[in-house]
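Structure first, then comments.
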Amino acid sequence: MMSEIHVAFEHPEARAAATDGGKPLDRISLRDHIVEVEIGAFQAERGMLQRVGFNIVVELAPTVGPIDDDVDRILSYDALTEAIQIELEAERLNLLETLAERIAKRILSEPRAFRVFVRVEKLDRGPGALGVEIVRSEDDTDGHAMPINAPAPQPTIVFLGQNALSAQTLDQWIDAFEAADRPIILSVGLPQGAWPQATTEITQRRIDLLAIEQNAWMLAAKDDRCVVRASRTELDWAMKHDQLSVWAPSKMVLDAVNGPKGSAVEMAAWLGSELNATELLVMGEDLPQDCNIPTRTLDLNGPVAPF
């Protein structure tokens, strides 16, 4: 009995290990995540914020094939904090039990999630932590899918040709991009000058993608607000946190089953389609011939203004 009581008050990781049935699964965890929120059924808890702590462990079904150190193939830790944030922002709740159930259900909608331990505690209601812990598995869901992540915002893709990258007004345009009321992803083309030329098309494609990424890093070196990001997971995170991104295309383009085959600006149009972008803005380059999202040109010589 003492052992069971001890485990009951351990972190959910210990609970998961003690109840794995001899078949332990991969796990990811969130420890001591604290949020200030209004919650509670008592009148004294209305109109005030209190600290609520979250500890979560998710047991995962094994991946199919190698992970290859690829962030897009795993359940991101950010998904756990996003599940908490979504439920806290959905409505004011009276009960920790309701909050824990909703968080667990949202996490279990992730295809790899097999079982989840959710501990939620009020930290300011007494001398100790007052809380609830639940364990739910995929068998407990009612079949109604629920997205684990908040929907990714719809970005605007801005393609910067070489003339745009060398324009004297570039800093002012970056100011405008940062101040925009929607997420902005910057995409660049090939650099000026010469770079290696290969004898096969597939090899040249790799070389050109690397040259574009070198150009992206050159932009990042000019302004630390321009952060180079290569994966869909990184881009989604940056959009949700109102941060500028400069797209490094190699990973997404080469991983795609039906990726873009054309020029850099056509790759930017493809990215816009993949991310359900609101539009593609092109600076210092001709518009792509084939694009299924709205496209327009920004005048390099015109006034820098909100767009």
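Among the residues making up the stretch 208-227, a single one is under 17 Å from Ala179 (Cβ atoms) and either crowded, with 19+ Cβ neighbours inside 10 Å or within 12 Å of the chain's Cα centre (by Cα) (or both): Cys226. Quick check, is Ala230 aliphatic (A, V, I, L, M), surrounded by 14 or more Cβ atoms within 10 Å (Cβ to Cβ) and either over 18 Å from Ile184 (Cα atoms) or out of contact with any Phe, Trp or Tyr (no Cβ under 7 Å at 6 or more places or on another chain) (or both)? Yes.
Residue count for the stretch 251-269, restricted to those that are of a type outside the set (Lys, Arg) and either part of a helix (DSSP H, G or I) or not assigned by TED's automatic domain parsing to the domain that holds Gly161 (or both): 10. If the condition is being hydroxyl-bearing (Ser, Thr, Tyr) and crowded, with 18+ Cβ neighbours inside 10 Å, then the stretch 243-262 contributes only Ser245. Glu234 - would you say it is charged (D, E, K, R), closer than 18 Å to Met283 by Cα and in a helix (DSSP H, G or I)? When the stated conditions are applied, Glu234 does not pass them. Across the stretch 270-307, the qualifying residues are those that are touching a residue at least 60 places away in the same chain (Cβ under 8 Å) and assigned to a helix (DSSP H, G or I), and the one among them that is surrounded by the fewest Cβ atoms within 10 Å (Cβ to Cβ) is Leu271. Taking the stretch 160-230 and the helices (runs of 4 or more DSSP H) fully enclosed by it, no element has 3 or more residues that are of a type in the set (Lys, Arg) and in contact (Cβ under 8 Å) with a residue 24 or more places away in the chain.
It is to be established whether one or more residues within the stretch 101-118 are basic (Lys, Arg), modelled with pLDDT under 85 and under 20 Å from Asp236 (Cα atoms). Scanning the stretch 101-118, I find at least one residue that is basic (Lys, Arg), modelled with pLDDT under 85 and under 20 Å from Asp236 (Cα atoms), so the answer is yes. Look at the stretch 29-56: where a residue is within 18 Å of Val135 (Cβ to Cβ) and a partner is part of a strand (DSSP E or B) and hydroxyl-bearing (Ser, Thr, Tyr), sitting 6+ places away or on another chain with Cβ atoms under 8 Å, you get Asn55/Ser29; Ile56/Ser29.
The values are calculated or read from the model by the stated rules, or taken from the named source; none is laboratory data. The structure presented is a predicted model; accordingly, all values stated were derived computationally and were not measured. Backbone-built Cβ (ideal geometry, glycine too); neighbour counts: all protein chains shown.
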